[in-house]
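Below is one structure, written out as structure tokens; the observations come after it.
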Amino acid sequence: MQKNRAIDFWVGLFMIGGFAALLFLALKAGNLGSFSTGGTYAVKAKFDNIGGLKVRAPVKSAGVVIGRVGSIGFDPVTFQAVVQMNIEESYQFPRDTSAKILTSGLLGEQYVGFEPGGEEEVLKSGSVIKSTQSAVVLENLISQFLYNKAADTPPADGK
């Protein structure tokens, strides 16, 4: 009887460890693995194309995560995507900071990259970043390359 209790204990401990591992994996997959205890301020930027950018995608500067994408919308007047980002208050950026959508690796996740400007005045909650660069879409690059190659190829009849 005592042996069965010991086995039950170890099986239960193993199950708890498995559930903890699954929870960790789910949080990482959903970009919820990092929690910030400090406050944030919201800034917006408009992009012509956001590619595969998603809500909760990281906002990075110099490789450091400084915030997360809060929401993504569409401006029906300018026909641009409006990305609202929540930046941690401990990171203050100049008002002329530029934002671009980058990709981790060749086919990795997309994130917003900040390049600080040189102004004295800093971004505040509700500020709009004016200098943006849209995502590079791999399909557009491939089609442009193929189109250029086709234009360079001489006709088949030799004329």
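Taking the criterion of being in a strand (DSSP E or B) and open to solvent by 40 Å² or more (accessible area, probe 1.4 Å), the residues of segment 122-134 that qualify are Val122, Val128, Thr132, Gln133. Taking segment 96-128 as the range and being under 13 Å from Ala42 (Cα atoms) and not β-branched (Val, Ile, Thr) as the test, the residues that pass are Leu123, Lys124, Ser125, Gly126, Ser127.
With respect to Gly38, determine if the residue is over 18 Å from Ser98 (Cα atoms), at pLDDT below 90 and touching a Ser or Thr at 6+ places or on another chain (Cβ under 8 Å). When the stated conditions are applied, Gly38 passes them. Filtered by the rule that a residue be open to solvent by 60 Å² or more (accessible area, probe 1.4 Å) and of a type in the set (S, T, N, Q), segment 65-77 gives no residues.
Residue count for segment 10-35 satisfying the condition of being modelled with pLDDT under 85 and either in a strand (DSSP E or B) or of a type in the set (A, V, I, L, M) (or both): 5. Checked across segment 48-64, the condition of being over 15 Å from the mean Cα position of the chain (by Cα), more than 30 Å from Asn140 (Cα to Cα), surrounded by 10 or more Cβ atoms within 10 Å (Cβ to Cβ) and in contact (Cβ under 8 Å) with a residue 24 or more places away in the chain holds for no residue. All conditions in (1) at pLDDT below 90; (2) under 30 Å from Ala26 (Cα atoms); (3) more than 15 Å from the chain's Cα centre (by Cα) hold for Val137, with the sole exception of (3).
Being open to solvent by less than 80 Å² (accessible area, probe 1.4 Å) and under 21 Å from Leu138 (Cα atoms), is that true of even one residue in segment 30-46? Yes - at least one qualifying residue is present in segment 30-46.
Going by the conditions given, is Ala57 at pLDDT 85 or above, of a type outside the set (S, T, N, Q) and more than 16 Å from Val112 (Cβ to Cβ)? No; evaluated as a whole, the condition is false for this residue. Could you grab me the full set of residues in segment 85-99 that are open to solvent by 40 Å² or more (accessible area, probe 1.4 Å) and closer than 14 Å to Gly67 by Cα? Selection gives Asn86, Glu88, Glu89, Ser90, Tyr91, Gln92.
The values are calculated or read from the model by the stated rules, or taken from the named source; none is laboratory data. Predicted, not measured: the structure shown is a model, and the values here were computed from it. All Cβ positions, glycine included, derive from the backbone under ideal geometry; neighbour counts span all protein chains shown. Side chains are part of the model used for accessible areas, which takes the heavy atoms of the whole protein and leaves out ligands, DNA and RNA. Shrake-Rupley method; radii C 1.70, N 1.55, O 1.52, S 1.80 Å.
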